[in-house]
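Beneath this line is the structure, given in structure tokens, with notes to follow.
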Amino acid sequence: MNSLDPTDLLILLELIRDPRIQIGELSETLGIARNTAQTRMRRMQRSGLLHDGGREIDLESVGYDVVAFVTIEVNHRELDGVVGALRLIAQVLEVHEISGRGDVWCRVVATDTHNLQAALRSILRIKGVIRTETVLALHTHIQYRTEPLISRLAQGSSLAPGRAQ
């Protein structure tokens, strides 16, 4: 969906900030008519930009179709500073401190490989970053999900945490 205007982007921002916002609240917050907010949300849902009842944004639909997983080795004294600096890079979607090879793992999105390279250079310039290793995602077969886990808990499955197998 390449035809997002500033109002569409403001709607998306409000949905990110408050996923449970009601249409009336949304229109009031943005100073737009209720019908305008509702029509635009429906259009974004039909186009595939919004998933899961209109609260999950498909980043590929807004041009971020390159996904990379970056493993970062850091100077441990600088770990908090590295995490703080990563928080300032908009393309960094999530950051995890990990065990094994590397110290920090990030999911990064980009519009193309040049945009990814710019993000990676920003990461490498962070004080305390020693080296990085980047792996590109070619295709996502299973999106982040929690439903199977909660379903098992709800059904009292023997695979639920704390149950003997």
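Quick notes on this structure:
- Computed over the Cα atoms of region 66-137, the ratio of the radius of gyration to the Kirkwood radius (Rg/Rh) comes to 0.93.
- For the chain, a Gaussian network of Cα nodes joined below 10 Å ranks 141, 96, 114 by mean-square fluctuation, and the top entry is 141.
- Using bins of 5 Å that start at zero, the share of Cα-Cα pairs per bin across region 6-53 amounts to 5, 23, 38, 27, 8, 0, in whole %.
- Scattering curve values for the chain, log₁₀ I(q)/I(0), Debye with Cα scatterers, q = 0.09 Å⁻¹: -0.45
- Across region 24-126, the mean sequence separation of Cα contacts (distance under 8 Å, 6 or more residues apart), normalised by length, yields a relative contact order of 23 percent.
- Residue among 102, 136, 124 farthest towards the positive dipole end of region 66-137, charges placed on Cβ: 124
- Helical contribution to [θ] at 222 nm, DSSP H n ≥ 4, -39,500 (n - 2.57), averaged over the chain, rounded to 500: -11500 deg cm²/dmol
- Most mobile of 91, 117, 143 in a GNM of the chain (Cα contacts under 10 Å): 143
- Gaussian network model of the chain, Cα within-10 Å springs - most flexible of 111, 39, 140: 140
- Taking Lys and Arg as +1 and Asp and Glu as -1, the other residues whose beta-carbon sits under 14 Å from that of residue 115 total -2.
Coordinate-derived values only; no laboratory data. Source: prediction; values computed, not measured. When we count neighbours, we look across all protein chains shown, and the Cβ atoms used for this are built from the backbone with ideal geometry, even at glycine.
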